[in-house]
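Okay, so here's the structure we're looking at.
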Amino acid sequence: MKKIILIMVIIALSFTSCRKEDLCSQTNCGVIVNDGITAGCYWLDIRNDCSNNVKRFCFDTNTWLNAYVGTDFCVTNESGW
């Protein structure tokens, strides 16, 4: 009986772990929701996978041309937003 209770406690703790939260606080990836050009800035609006926040980033022409709305994209010089 004690083994069954111990197993149930371990299972319950695995569902309440904070691993997902730790990963989300460090993520810098999301989905491109919009793009454009403003005063020499080739920008992408990216919705963060964890926080659901949208942030605008400027990129070089080559990166901007190869990034499409609706695709996943990771920003290397930014921690989660």
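Some values worked out for this structure:
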{"item": "Matching residues in the range 54-76 - criterion: being under 15 Å from the mean Cα position of the chain (by Cα), surrounded by 14 or more Cβ atoms within 10 Å (Cβ to Cβ) and of a type in the set (A, V, I, L, M, F, W, C)", "result": "Val54, Phe57, Phe73, Val75"}
{"item": "Matching residues, the range 32-53, being hydrophobic (A, V, I, L, M, F, W, C) and surrounded by 15 or more Cβ atoms within 10 Å (Cβ to Cβ)", "result": "Ile32, Trp43, Leu44, Ile46, Cys50"}
{"item": "Residue match in the range 15-28 (condition: at pLDDT 70 or above and within 24 Å of Gly70 (Cβ to Cβ))", "result": "yes"}
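The values are calculated or read from the model by the stated rules, or taken from the named source; none is laboratory data. All figures in this text were calculated on a predicted structure; none of them were measured in a lab. Positions of Cβ are generated from backbone atoms using ideal geometry, with glycine treated the same way; all protein chains shown enter the neighbour counts.
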